[in-house]
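Participant: Can you keep this structure in mind? I'll have questions shortly.
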Amino acid sequence: MKFFIDTANLGDIAEAQALGVLDGVTTNPSLMAKEGITGAENILAHYQKICDLVDGDVSAEVISTDFEGMVEEGEKLAALHPQIVVKLPLIADGIKACKYFSDKGIRTNVTLVFSAGQALLAAKAGATYVSPFIGRLDDISTDGLNLIAEIRQIYDNYAFDTQILAASVRHTMHVIDCAKLGSDVMTGPLSSIKGLLKHPLTDSGLAKFLEDYKKGN
Ligand code: G3P
């Protein structure tokens, strides 16, 4: 399973990259705003910085909600760097734009996916990635992980190439459950990746090994 980090924070991206397990980055307008990155030119410059930090795919989201606007924005984003994946919302024009980019060989990430039917549409339109938001479904007492299982079954039934990118991952159990269900990718905060390191028996075991080593030397 690929690990993406879901942030526009350069420090967090650099820390995950240094750990050696990072496969890419996802961002969205809210994450950009959280880092104080505003205005089209600043946002493009920030994507460039992210691409310089990591080796993998970097999802960059369009703001337009009409087909023409999405195409214009997406082409500008894709031209910025070969690592950029154009992120499009799952609305009718987003699906049309996904098909347009897919036919041109430009990679896409269809976002704001909350149902299996929406994921089926994204795959039909040739999306590279589909982003079901599992945490936001959990927030409204709906099983987000069940959506991952449904999409996995549908994509496997028809051998769709679209990769399932579990988004709105909030914690380590989401990461582990997504891996069990066969999600191709997960994107979450740095804490969801670093949390996988933690086990008290690792800490106490290492402390004992070091203590015993000191006794013998
Ligand atoms: O990138 C979109 C998604 O990951 C948002 O996550 O935590 O705001 O629901 P969250």
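Participant: Scan segment 91-123 residue by residue and report those that are surrounded by fewer than 22 Cβ atoms within 10 Å (Cβ to Cβ), in contact with a strand residue (DSSP E or B) (Cβ under 7 Å, 6 or more places away or on another chain) and hydrophobic (A, V, I, L, M, F, W, C). Break it down stepwise before answering.
Facilitator: Here is the first cut: in segment 91-123, the residues surrounded by fewer than 22 Cβ atoms within 10 Å (Cβ to Cβ) are 91-93, 95-96, 99-100, 102-107, 112, 114-118, 120-121, 123.
Now restrict to residues that are in contact with a strand residue (DSSP E or B) (Cβ under 7 Å, 6 or more places away or on another chain): 102, 106-107, 112, 114, 123.
The answer is Ile106, Leu112, Phe114, Ala123.
Participant: Please work out which residue is farthest from the chain's Cα centre (by Cα), limiting yourself to segment 4-55 and to residues that are under 16 Å from Val86 (Cβ atoms) and away from the ligand (no atom under 16 Å from the Cβ).
Facilitator: Restricting to residues being under 16 Å from Val86 (Cβ atoms) and away from the ligand (no atom under 16 Å from the Cβ), the top hit is Ala40.
Participant: Checking Asp161 against (1) under 17 Å from the mean Cα position of the chain (by Cα); (2) assigned to a helix (DSSP H, G or I), which single condition isn't satisfied?
Facilitator: For Asp161, the failing item is (2).
Participant: Continuing with the same structure: Any residue in segment 186-203 that is closer than 23 Å to Val58 by Cα sitting within a Cβ distance under 8 Å of a residue that is assigned to a helix (DSSP H, G or I) and among the charged types (D, E, K, R)? List the pairs, counting only those 6 or more apart or interchain.
Facilitator: Short answer, once both residue conditions are applied: Pro189/Asp12; Leu190/Asp12; Leu190/Glu15.
Participant: Okay, moving on. Taking segment 21-54, which residues are polar (S, T, N, Q), loosely packed, with under 15 Cβ neighbours inside 10 Å and under 18 Å from Leu190 (Cα atoms)?
Facilitator: Residue satisfying the conditions is Ser30 alone.
Participant: Suppose we filter Thr7, Thr26 for residues that are out of contact with any helix residue (DSSP H, G or I) (no Cβ under 9 Å at 6 or more places or on another chain) and touching a residue at least 60 places away in the same chain (Cβ under 8 Å); which single one remains? Break it down into steps so the answer makes sense when it comes.
Facilitator: Values: Thr7 fails: out of contact with any helix residue (DSSP H, G or I) (no Cβ under 9 Å at 6 or more places or on another chain).
When all the criteria are applied, what remains is Thr26.
Participant: Name the single residue that is farthest from Val85 (Cα to Cα) among those in segment 123-134 being within 12 Å of the ligand (Cβ to nearest atom) and either of a type in the set (S, T, N, Q) or in a helix (DSSP H, G or I) (or both). Reasoning before the result, please.
Facilitator: Applying the first criterion (within 12 Å of the ligand (Cβ to nearest atom)) to segment 123-134 yields 129, 131-134.
Still in the running and either of a type in the set (S, T, N, Q) or in a helix (DSSP H, G or I) (or both): 131, 134.
Values: Ser131: 13, Ile134: 21 Å.
Step by step, filter segment 123-134, then rank; the result is Ile134.
Participant: Here is a follow-up. Residues in segment 66-122 that are part of a helix (DSSP H, G or I), within 16 Å of the ligand (Cβ to nearest atom) and over 20 Å from Tyr155 (Cβ atoms): how many? Please lay out each step first, then the result.
Facilitator: Step one: filter segment 66-122 for residues part of a helix (DSSP H, G or I), giving 67-80, 92-103, 116-122.
Remaining after also requiring within 16 Å of the ligand (Cβ to nearest atom): 77, 94, 118-119, 122.
Keeping just the survivors that are over 20 Å from Tyr155 (Cβ atoms) gives 77.
Number satisfying all stated conditions: 1.
Just so you know, all these numbers are worked out from the coordinates, no wet-lab data involved. Bear in mind that the values here come from a model prediction, so they are computed numbers and not experimental data. Positions of Cβ are backbone-derived with ideal geometry, glycine not excepted, and every protein chain shown enters the neighbour counts.
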